[in-house]
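Worksheet for the structure shown next.
The values are calculated or read from the model by the stated rules, or taken from the named source; none is laboratory data. Quick caveat, the model's predicted, so the values are computed rather than measured. Reconstructed Cβ throughout: ideal geometry from the backbone, glycine too, with neighbour counts over all protein chains shown. Ligands, DNA and RNA are excluded from the accessible area calculation, which covers all protein heavy atoms including side chains. Shrake-Rupley method; radii C 1.70, N 1.55, O 1.52, S 1.80 Å.
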Amino acid sequence: MPTVLITGTNRGLGLGLAKAYAQQADTTVILGLRNVDTMPEIKAGQGIKVIKVKIDSGDIGSPKKAMEELKSQGIDKLDIVIANAAIGDCFGALSEVDLSSFEEHWRINVLAPLALYQACVPLMPEGCKFVWMSSGASIIDRVPDKTDAGYGITKCCMNYLARYAHFEQPKIISFSLSPGWVQTDMGDRAAILSGMDKAPITVEESVEGMVKVIADATKDNYSGLHMRYNSTQSKW
Ligand SMILES: NC(=O)c1ccc[n+]([C@@H]2O[C@H](COP(=O)([O-])OP(=O)(O)OC[C@H]3O[C@@H](n4cnc5c(N)ncnc54)[C@H](OP(=O)(O)O)[C@@H]3O)[C@@H](O)[C@H]2O)c1
């Protein structure tokens, strides 16, 4: 029975991913939430087990506590981990970046996924997958044609972490994944700032693509790379 852990599942892409995996037969879906009471009900298919666990990205000890709790509930392996939870409000030019906001983004978007990785590795068997949620904002090749320095730097780190973990852990398929520009709170906020009504891609379209990328990923094809939701490789 495959076990999938996703963080930040109460809304946006995390919720979309949770709904999609809850329809995959005989899967255990672990929903990582900073507040387990905020998760909307999701429809679970046949043989699906859904477990909620507190994972607060603001507390670097939280993933270890979550793993202890999961082990006490009989979870002894994680086949897929998706480090999805993040914040994305630190925009603007480098010379003007609000440093306290950047520090918060650094903690939530970089330290927390690293803490999650460290806590999960002991439970990850050969061939398991660790997915680091990245963004087009991470792409160094796009500098200086972007105005999201603070957020972009944190997502650039996700690419680094993904590649490092790929080489460090031969048993783990590790890659960063960009979801596209998606209609979520975060995506639509950025769209409005850019003068658009909403982001161009629906959650369903992005999630369908990401689930396929994750299913297709092997150590030889996507591991160590920055992938996009449409199965293409992203620039660094
Ligand atoms: N939407 C896009 O266009 C887009 C594009 C590129 C990359 N991404 C990436 O895709 C991922 C999901 O983004 P999204 O668009 O779904 O964002 P979203 O709608 O803003 O949702 C963010 C999720 O992260 C959780 N989160 C934030 N701070 C947390 C904390 N301290 N502890 C635990 N959970 C926390 C939120 O939980 P709460 O409800 O409790 O705050 C929420 O579930 C992120 O990594 C984002 O950077 C999104």
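Going through the range 70-86 one residue at a time, which ones are open to solvent by less than 80 Å² (accessible area, probe 1.4 Å) and either over 24 Å from residue 10 (Cβ atoms) or without any contact (Cβ under 8 Å) to a residue 40 or more places away in the chain (or both)? Across the range 70-86, the qualifying residues are 74, 77. Is it true that some residue in the range 143-165 is exposed (fewer than 13 other Cβ atoms within 10 Å of the Cβ), part of a helix (DSSP H, G or I) and either small (Gly, Ala, Ser) or within 16 Å of the ligand (Cβ to nearest atom) (or both)? No. Determine whether residue 89 is charged (D, E, K, R), open to solvent by 60 Å² or more (accessible area, probe 1.4 Å), without any contact (Cβ under 8 Å) to a residue 40 or more places away in the chain and not in a strand (DSSP E or B). Judged against the criteria, residue 89 is not a match. Within the range 35-85, the only residue that satisfies the criterion of being more than 16 Å from the ligand (Cβ to nearest atom), in contact with a Ser or Thr (Cβ under 7 Å, 6 or more places away or on another chain), over 19 Å from residue 131 (Cβ atoms) and assigned to a loop (DSSP other than H, G, I, E, B) is 48.
From the list 104, 96, 126, the one residue that fits, being of a type in the set (Asp, Glu), within 12 Å of the ligand (Cβ to nearest atom) and more than 20 Å from residue 191 (Cα to Cα), is 104.
Considering the range 177-197, the residues that are more than 10 Å from the ligand (Cβ to nearest atom) and not in a helix (DSSP H, G or I) include one that is farthest from the chain's Cα centre (by Cα), namely 195.
Yes or no: residue 223 within 26 Å of residue 78 (Cβ to Cβ), assigned to a loop (DSSP other than H, G, I, E, B) and open to solvent by less than 20 Å² (accessible area, probe 1.4 Å)? Spelling it out, residue 223 is indeed within 26 Å of residue 78 (Cβ to Cβ), assigned to a loop (DSSP other than H, G, I, E, B) and open to solvent by less than 20 Å² (accessible area, probe 1.4 Å).
When residue 111 is tested against (1) within 13 Å of the ligand (Cβ to nearest atom); (2) open to solvent by 40 Å² or more (accessible area, probe 1.4 Å); (3) not small (Gly, Ala, Ser); (4) not in a helix (DSSP H, G or I), just one condition goes unmet, and that condition is (4).
Looking at 8, 45, 61, 16, just one residue is at positive phi and open to solvent by 10 Å² or more (accessible area, probe 1.4 Å), and that residue is 8.
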